[in-house]
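None of the figures in this text is laboratory data; all of them are computed from the coordinates on show. Values in this document were obtained by computation on a predicted structure and should not be read as measured data. Cβ sites come from the backbone with ideal geometry, for glycine too, and all protein chains shown count toward neighbours.
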Amino acid sequence: MRECSSGRSDLLGAEFAARNGLHPTDVRALIHLLDAARSGTRATPGWLGEQLRLNSAGTIALVDRLERLGLVQRSRDTTDRRRVLLKVQEKATELGWTFFGPVIGGVVAAAEGFEEGELETAAAF
């Protein structure tokens, strides 16, 4: 029986985390923060904690760890100085592309041979 694609994704994420001295939650946090940046969502520690279902102490420890590693930066919101915003640093993006770039390239190459209906089915899945 073939392993489901989400199971493979989890294993790939765990391998990435292990190779880079990260916890799987660190990787999930970075993914959420990158998604937030793409969608224009202002990511705060509270928002990140909700996404990961972490309490505030766990979220602060996570953000502290990612900041110490140079993967995330905290900054004050210019419209509300009481709010802290989180931003993924270029180092994290480069690290991700080094590992996941070949995987993404393989998926893109495989999808080039698909017809429109097949792409829609794959996207829906």
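Give me Trp47, Trp97 ranked fewest to most by other Cβ atoms within 10 Å of their Cβ, as a rough exposure proxy. Kindly include the intermediate steps, with their values, before the conclusion.
Working: Trp47 17, Trp97 11.
Neighbour counts put them in this order, fewest first: Trp97, Trp47.
Where in the range 38-82 are there trypsin sites (Lys or Arg not before Pro) that are in a DSSP coil and have at most 10 other Cβ atoms within 10 angstrom of their Cβ? Before the final figure, lay out each step's value.
Details: sites: Arg38, Arg42, Arg53, Arg65, Arg68, Arg74, Arg76, Arg81, Arg82; in loops: Arg42, Arg53, Arg81, Arg82.
Within the range 38-82, the qualifying trypsin sites (Lys or Arg not before Pro) (loop, at most 10 other Cβ atoms within 10 Å) are Arg53, Arg81, Arg82.
Only four residue types carry charge here, +1 at the Cβ of Lys and Arg and -1 at the Cβ of Asp and Glu. Report the dipole size of the range 14-60 about the Cα centre in Debye, rounded to the nearest 20.
Values: 5 positive and 4 negative charges, 14 e Å.
The calculated dipole for the range 14-60 is roughly 60 debye.
Which ordering of Thr78, Thr93 is given by a fewest-first count of other beta-carbon atoms within 10 Å?
On the way: Thr78 8, Thr93 14.
Exposure proxy ranking, most exposed first: Thr78, Thr93.
By counting other Cβ atoms within 10 Å of each Cβ, how are Phe100, Phe125 ranked from fewest to most? Intermediate results must be reported in sequence, preceding the final value.
Values: Phe100 13, Phe125 6.
Listed from fewest to most nearby Cβ atoms, that is Phe125, Phe100.
With a ≥ b ≥ c the root eigenvalues of the C-alpha gyration tensor of the range 30-80, is it rounded (a/c under 1.5), prolate (a/b larger than b/c) or oblate? Walk me through the numbers before you get to the answer.
Details: a/c = 1.34, a/b = 1.22, b/c = 1.10.
Note, shape of the range 30-80 comes out rounded.
If you look at just the Cα atoms of the chain, how large are its Rg and its Dmax in Å?
16.8, 54
May I ask for the angle, rounded to the nearest 10°, between helix 90-111 and the longest principal axis of the chain, with both axes built from Cα atoms and the value confined to 0 to 90°?
Helix 90-111 sits roughly 20 degrees off the main axis of the chain.
Go ahead and run the numbers for FRET between Asp80 and Phe114, Cβ-Cβ distance against an R0 of 41 Å, rounding to 0.05. It would help to have the intermediate numbers written out before the result.
Numbers: r = 45 Å, r/R0 = 1.10.
So, using R0 = 41 Å, E works out to roughly 0.35.
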